[in-house]
Each structure stands twice: as C-alpha cells, then as structure tokens.
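Input: a single structure, listed below in structure tokens.
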Amino acid sequence: MKHISLTRYLIQEQHAGRINADLRLLIEVVARACKTISIAIGKGALGGVLGDAGTGNIQGEAQKKLDVLSNDILLEANAWGGHLAGLASEEMDHSQPIPDAFQRGNYLLLFDPLDGSSNIDVNISVGTIFSVLRCPDDVTAPGDEHFLQPGNTQVCAGYTTYGPSTMLVLTVGHGTHVFTLDREIGSFIMTRRDVQVPAETKEFAVNMSNQRFWEAPMQRYVGDLLKGKEGPRGKDFNMRWVASMVADVHRIITRGGIFSYPLDSKCRDKGGKLRLMYEANPMAFIIEQAGGAASTGRQRMMDVQPTGLHQRVPVFLGSRDEVAQAVRYHLEDDAGA
Ligand code: P6P
C-alpha cells in the first residue's frame, strides 16, 4: 500500500465532500496535540511528568501530572483555531465555550485527554480519546446541554494510543483508518485503511476480579465463555485485560475480540464505570465503522440519549457476533428466560 499522510487523507476526504475545511483543521490540530502528548509521555521519569498532580477531578479520581498536562495541551491547541464552539473533557467539571477573544466555529470537541493514566507510572500503553459533534446552529456560546447529543450524531471520532509506537485511529464516518506516527518527520502516516474487525472471536477482555459483583446475565455469559469447548459456546476462549481502554480497544481493532466493562454492584448507582460522551461513544463509532458493534448490553451504544456530560454506561464492544451473544444473555434475562 502506498503510504499517505494524515494530511493527505484529510485533503482527499475534503475534496470528496465528506468533510469540510473546519473539520479537517480540527482533526489536524488534535493530531498535533497528540504528538506533543506522545513526546511528553515518552520522556517518562526523565521528563518530570510522572506521578500524581496532587489534584482531583469531577470523577473523584486523583489526577496524574500527565492527565493535567495532556488536558492543557488539548485546550491550548484548540482554543484559537476558529474551528470549535466549545470543548468538554473528562478532566473538567463543565464544558467550556471558546473564549470570546477567539473566533468560534461549528464543532464541539469532547475528549478524555489521557485514558488509563493509572498505567503511566508502570509504563503500560495509555491513550487519548476524542469525539466531535456539531454545535446546534443557533448556539454561539454552548453549554453542557448542547453536548448531550447521542453517539449517532458524531461527525468524527478517534483515539491515539501511546504504546511501542504512537498510533492514531480515526473515523469521519467513512471507514476506520490507522495512522502510525513517523517520529523522524513528525507525521502520522496511514498504515491501515478501512479496518475490518473479525465478526467472531475467541478473546474477551474484562476485569475478572469484579465477577462476584456482576449482574446475573453477565455471570452466565462469562461463565459460559470459561466452560470453553465443553460448554454451550463450543470453543475455548482466551482473556486479555490491560486496564487501559485504548490499549484493549486497539487490540480488538487489530485482531478482533470483545471488551466489556459491565454494570456491577459497585458502579451500578453511577450507571457504570466508563463514560458515555468521551469514551464509549467515540469507541462505538470507531468500532461500528470497522464492522464491529457496541452496546450497553441492552441498547446500541450510539442510540443512548445522554442526560449528563460525565454520564457512565456499561460497555460491550468489538466483534459483532460476540457482542450479539453478550446482548442475547442480557435480553433473555430481562425477558425472564
Ligand atoms: P479497572 C482506566 O482507568 C479506565 O477508565 C479504562 O481505561 C479501563 O478500561 C478501565 O478504567 C479499567 O478499570 O477497574 O480494571 O481498573
């Protein structure tokens, strides 16, 4: 495959009429911010960026220095470009309209600046997740309520995984494509076009230590996976759990699998562990564009009508036939089967 840069891909999409210049600029700005984050992460202990920041966020989580730094990098990069009307972040209590000093555009950007950051200090892959929505036409200074659009309204979603290599995975609604950062020239180069996630899998990703807290259908679903070929699924399964959503999802994008963070009695009151607007929805868009599926276990993820900026949801995503199996257990349980 002739490798093309992210910029050339985006110009091709713009010339094909699938994105406009503002969205192209937005994606380029976010990608450039991710390069800066990648450099900061790569310095590790030598960059003075490891460890806790000594602050907390609305999620009630202790912030890592790199959480705060990554958030600041994305805010600064996107403030003055004129392509955004507002931004929302896992690390900020509320969304922010673009300051009056700068021209505003027509898009809303939501992001988790550094997902899985508890893995930073043990040198395991982490990532940035982002989602792009349209700002409602008659709104110039968007508030939180203007971000509360279902995932099926997203115009773009992506993540950058900071691992052995830095890779940006992106969709603008016409397939999911993978770009690898060429550090020598500082460009993201397309290394996989139009990824297709295998419909079936033998690999699941879940935090098994929560098993005793799961709902009955999840207990039955995973219980049958663990029975292997002697059980009702008729095949043996393997398990992986990185505890970094971007790393686990990237493995699934690359070779298939199912990822789940289901409801459990510990997170039930909050609606789940993972956040809808800047984790589940962008990953759902990316996975669906790659031929996979994403569900709450009872509803297509991208059909969920958001009620809060930091709303949490149960997540099942990946190989579409396996997600359908997990959903079947939940719907049968609900039907009293
Ligand atoms: P647990 C990271 O904190 C995160 O939000 C996701 O990236 C990851 O999939 C999940 O939480 C890990 O949760 O309970 O296994 O530590």
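The values are calculated or read from the model by the stated rules, or taken from the named source; none is laboratory data. Keep in mind that this is a model prediction, so the values were computed, not measured. A quick note on method: Cβ atoms are made from the backbone with ideal geometry, for glycine too, and the neighbour counts reach across all protein chains shown. Surface accessibility is based on the protein's heavy atoms, side chains included, excluding ligands, DNA and RNA. Shrake-Rupley method; radii C 1.70, N 1.55, O 1.52, S 1.80 Å.
Return yes when Glu184 is under 18 Å from Leu317 (Cα atoms) and in a loop (DSSP other than H, G, I, E, B) and no when it is not.
no
Only one of these is within 13 Å of the ligand (Cβ to nearest atom), open to solvent by 20 Å² or more (accessible area, probe 1.4 Å) and not in a loop (DSSP other than H, G, I, E, B): Gln211, Gln219. Name it.
Gln211
From the set of residues in the range 263-301 that are surrounded by fewer than 19 Cβ atoms within 10 Å (Cβ to Cβ) and closer than 20 Å to Glu90 by Cβ, which is farthest from the ligand (Cβ to nearest atom)? Steps first, please.
We begin by selecting, within the range 263-301, every residue surrounded by fewer than 19 Cβ atoms within 10 Å (Cβ to Cβ); these are 264-271, 291, 298-300.
Still in the running and closer than 20 Å to Glu90 by Cβ: 266-267, 269-271.
Values: Lys266: 9, Cys267: 9, Asp269: 16, Lys270: 13, Gly271: 14 Å.
Among residues in the range 263-301 that are surrounded by fewer than 19 Cβ atoms within 10 Å (Cβ to Cβ) and closer than 20 Å to Glu90 by Cβ, the one farthest from the ligand (Cβ to nearest atom) is Asp269.
Mind checking which pairs have a first residue in the range 124-142 that is in the same structural domain as Cys156 (by TED's automatic domain parsing) and a second that is assigned to a strand (DSSP E or B) and open to solvent by 40 Å² or more (accessible area, probe 1.4 Å), Cβ under 7 Å, 6 or more apart or different chains?
These pairs meet every condition: Ala141/Pro97; Pro142/Pro97.
Kindly indicate which of Ala40, Ala53 is of a type outside the set (Ser, Thr, Tyr), outside the structural domain of His310 (by TED's automatic domain parsing) and more than 16 Å from the ligand (Cβ to nearest atom).
Details: Ala53 fails: more than 16 Å from the ligand (Cβ to nearest atom).
Residue meeting the stated conditions: Ala40.
Hey, among the residues in the range 100-143 that are open to solvent by 40 Å² or more (accessible area, probe 1.4 Å) and among the charged types (D, E, K, R), which one's nearest to the chain's Cα centre (by Cα)? Write out each step before concluding.
So the first thing to find is which residues in the range 100-143 are open to solvent by 40 Å² or more (accessible area, probe 1.4 Å), and the list is 100-104, 106, 118, 121-124, 134, 136-138, 140-141.
Among the residues that remain, those that are also among the charged types (D, E, K, R) are: 100, 104, 121, 134, 137-138.
Working: Asp100: 29, Arg104: 25, Asp121: 21, Arg134: 18, Asp137: 26, Asp138: 28 Å.
Filtering first and then ranking leaves Arg134.
Residue under question is Leu168, and the condition is that it be in the same structural domain as Phe111 (by TED's automatic domain parsing) and in contact with a strand residue (DSSP E or B) (Cβ under 7 Å, 6 or more places away or on another chain); does it hold? Quick ask: steps written out before the conclusion?
Values: in the same structural domain as Phe111 (by TED's automatic domain parsing): yes; in contact with a strand residue (DSSP E or B) (Cβ under 7 Å, 6 or more places away or on another chain): yes.
So Leu168 fits the description; yes.
When the residues of the range 236-262 are filtered to those that are aromatic (Phe, Trp, Tyr) and either within 11 Å of the chain's Cα centre (by Cα) or within 12 Å of the ligand (Cβ to nearest atom) (or both), which remaining residue is surrounded by the most Cβ atoms within 10 Å (Cβ to Cβ)? Steps first, please.
First pass over the range 236-262, keeping only residues aromatic (Phe, Trp, Tyr): 237, 241, 259, 261.
If we keep only those that are either within 11 Å of the chain's Cα centre (by Cα) or within 12 Å of the ligand (Cβ to nearest atom) (or both) as well, we get 241, 259, 261.
On the way: Trp241: 14, Phe259: 28, Tyr261: 23.
If we take residues in the range 236-262 being aromatic (Phe, Trp, Tyr) and either within 11 Å of the chain's Cα centre (by Cα) or within 12 Å of the ligand (Cβ to nearest atom) (or both), then Phe259 is surrounded by the most Cβ atoms within 10 Å (Cβ to Cβ).
Can you tell me which residue within the range 26-44, out of those that are open to solvent by 20 Å² or more (accessible area, probe 1.4 Å) and out of contact with any helix residue (DSSP H, G or I) (no Cβ under 9 Å at 6 or more places or on another chain), is nearest to Ala77 (Cα to Cα)?
Taking the candidates together, the pick is Lys35.
In the list Leu75, Leu66, which residue meets the criterion of being farther than 17 Å from Val155 by Cβ, of a type outside the set (D, E, K, R), open to solvent by 30 Å² or more (accessible area, probe 1.4 Å) and in contact (Cβ under 8 Å) with a residue 12 or more places away in the chain? Show your work before the answer.
Working: Leu66 fails: open to solvent by 30 Å² or more (accessible area, probe 1.4 Å).
Of Leu75, Leu66, the one residue that is farther than 17 Å from Val155 by Cβ, of a type outside the set (D, E, K, R), open to solvent by 30 Å² or more (accessible area, probe 1.4 Å) and in contact (Cβ under 8 Å) with a residue 12 or more places away in the chain is Leu75.
Determine if the range 11-18 includes at least one residue that is open to solvent by 10 Å² or more (accessible area, probe 1.4 Å), assigned by TED's automatic domain parsing to the domain that holds Gly143, at pLDDT 95 or above and touching a Gly at 6+ places or on another chain (Cβ under 9 Å).
Scanning the range 11-18 turns up at least one residue that is open to solvent by 10 Å² or more (accessible area, probe 1.4 Å), assigned by TED's automatic domain parsing to the domain that holds Gly143, at pLDDT 95 or above and touching a Gly at 6+ places or on another chain (Cβ under 9 Å).
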